[in-house]
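Trainee: The structure under discussion is supplied below as structure tokens; questions concerning it will follow.
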Amino acid sequence: MGHVRIIGGEWRGRRLTFPEAPGLRPTPDRVRETLFNWLGQRLNGLTCLDLFAGSGALGFEAASRGAQRVLLVERNRRLAASLSSWAQTLAPERVAVLVRDALQCAAAWTEPVDLLFLDPPYRAGWLEKLTPHLDRLVKATGTIYAEAEIPLEQLGAWQVVKRGTAGQVHYHLLERTPQTELDDAQ
């Protein structure tokens, strides 16, 4: 069994266990700490979507810090069952789990969120495949957090505003380029 520790909010210090799975890379504590410093420590009222939930570290951290609604998408049934168990224990009214492929979920998504977490398996082209769906997934005033094996500059109309590196992980915070800037650039 693997584990992650919630580093802030109401569940600070809580250790969540999850089954091991090939390619699973939970976001390290130091990276999550940086991310939530960038976002602000409290996420009160925000809606969050994690398309590659895995261990649930990002989504449960967001819920611990006050996110109103967190949807964790995970196609691995063992991991999804673990996530569901933790959601029921910690916050069944705020955290939900969907057993589905990320791309299928993105293609069918209808309610934009405030914060999208993207930590897909590396070297599979997931970020490129999801880019056409980002404007539908995230509110124009929202934020995207993305991890990748390479540094990013943008994903479609979403520009990197903050970045960091931890080992071989490149992590990024992206915001939507205002439409007027897009029009001027064309």
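The values are calculated or read from the model by the stated rules, or taken from the named source; none is laboratory data. All of these numbers come straight from a predicted model, not from anything done at the bench. When we count neighbours, we look across all protein chains shown, and the Cβ atoms used for this are built from the backbone with ideal geometry, even at glycine. Just the protein is used for accessible areas: all its heavy atoms, side chains included, with ligands, DNA and RNA removed. Shrake-Rupley method; radii C 1.70, N 1.55, O 1.52, S 1.80 Å.
Trainee: Quick check on region 66-82: of everything there that is buried (at least 22 other Cβ atoms within 10 Å of the Cβ) and over 14 Å from the mean Cα position of the chain (by Cα), which residue is farthest from Ile6 (Cα to Cα)?
Mentor: So the residue we want is Leu79.
Trainee: Could you count how many residues in region 26-48 are in a helix (DSSP H, G or I) and in contact (Cβ under 8 Å) with a residue 24 or more places away in the chain?
Mentor: 10
Trainee: Could you tell me whether any residue of region 104-124 is in a helix (DSSP H, G or I) and under 19 Å from Arg25 (Cα atoms)?
Mentor: Checking region 104-124: not a single residue is in a helix (DSSP H, G or I) and under 19 Å from Arg25 (Cα atoms).
Trainee: May I pose another question? If you go through region 84-101 one residue at a time, do you hit one that is within 19 Å of Arg15 (Cα to Cα), part of a loop (DSSP other than H, G, I, E, B) and open to solvent by less than 30 Å² (accessible area, probe 1.4 Å)?
Mentor: yes
Trainee: Can you pull out the residues in region 34-54 that are open to solvent by less than 10 Å² (accessible area, probe 1.4 Å) and not hydrophobic (A, V, I, L, M, F, W, C)?
Mentor: Asp50, Gly54
Trainee: Looking at region 55-65, which of its residues are in a loop (DSSP other than H, G, I, E, B) and either surrounded by fewer than 22 Cβ atoms within 10 Å (Cβ to Cβ) or touching a helix residue (DSSP H, G or I) at 6+ places or on another chain (Cβ under 6 Å) (or both)?
Mentor: Gly56, Arg65
Trainee: Considering every residue within region 149-157, establish whether at least one is out of contact with any Lys or Arg (no Cβ under 8 Å at 6 or more places or on another chain), in contact (Cβ under 8 Å) with a residue 12 or more places away in the chain and open to solvent by less than 30 Å² (accessible area, probe 1.4 Å).
Mentor: Yes, some residue in region 149-157 is out of contact with any Lys or Arg (no Cβ under 8 Å at 6 or more places or on another chain), in contact (Cβ under 8 Å) with a residue 12 or more places away in the chain and open to solvent by less than 30 Å² (accessible area, probe 1.4 Å).
Trainee: Mind listing just one residue for me: the one in region 126-148 that is within 24 Å of Thr165 (Cβ to Cβ) and hydroxyl-bearing (Ser, Thr, Tyr) and, of those, most open to solvent (accessible area, probe 1.4 Å)?
Mentor: By that ranking, first place goes to Thr131.
Trainee: Report, ordered by the first and then the second residue, all pairs with beta carbons closer than 7 Å, sequence separation of six or more or different chains, a first member in region 6-23 that is over 16 Å from Phe52 (Cβ atoms) and in contact (Cβ under 8 Å) with a residue 60 or more places away in the chain, and a second member that is assigned to a helix (DSSP H, G or I) and open to solvent by 20 Å² or more (accessible area, probe 1.4 Å).
Mentor: Sorted first by the residue in region 6-23, then by its partner, the pairs are Trp11/Leu90; Leu16/Trp86.
Trainee: Take the residues in region 9-33 that are in contact with a Leu (Cβ under 8 Å, 6 or more places away or on another chain) and within 25 Å of Ala124 (Cα to Cα), then tell me which one is surrounded by the most Cβ atoms within 10 Å (Cβ to Cβ).
Mentor: Ranking the qualifying residues of region 9-33, first place goes to Phe18.
Here is a yes/no grid of residues against (1) open to solvent by less than 80 Å² (accessible area, probe 1.4 Å); (2) in contact with a Leu (Cβ under 7 Å, 6 or more places away or on another chain):
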{"residue": "Ala108", "(1), (2)": "yes, no"}
{"residue": "Glu111", "(1), (2)": "no, no"}
{"residue": "Ala124", "(1), (2)": "yes, no"}
{"residue": "Val161", "(1), (2)": "yes, yes"}
{"residue": "Thr165", "(1), (2)": "yes, no"}
{"residue": "Leu174", "(1), (2)": "yes, yes"}
{"residue": "Pro178", "(1), (2)": "yes, no"}
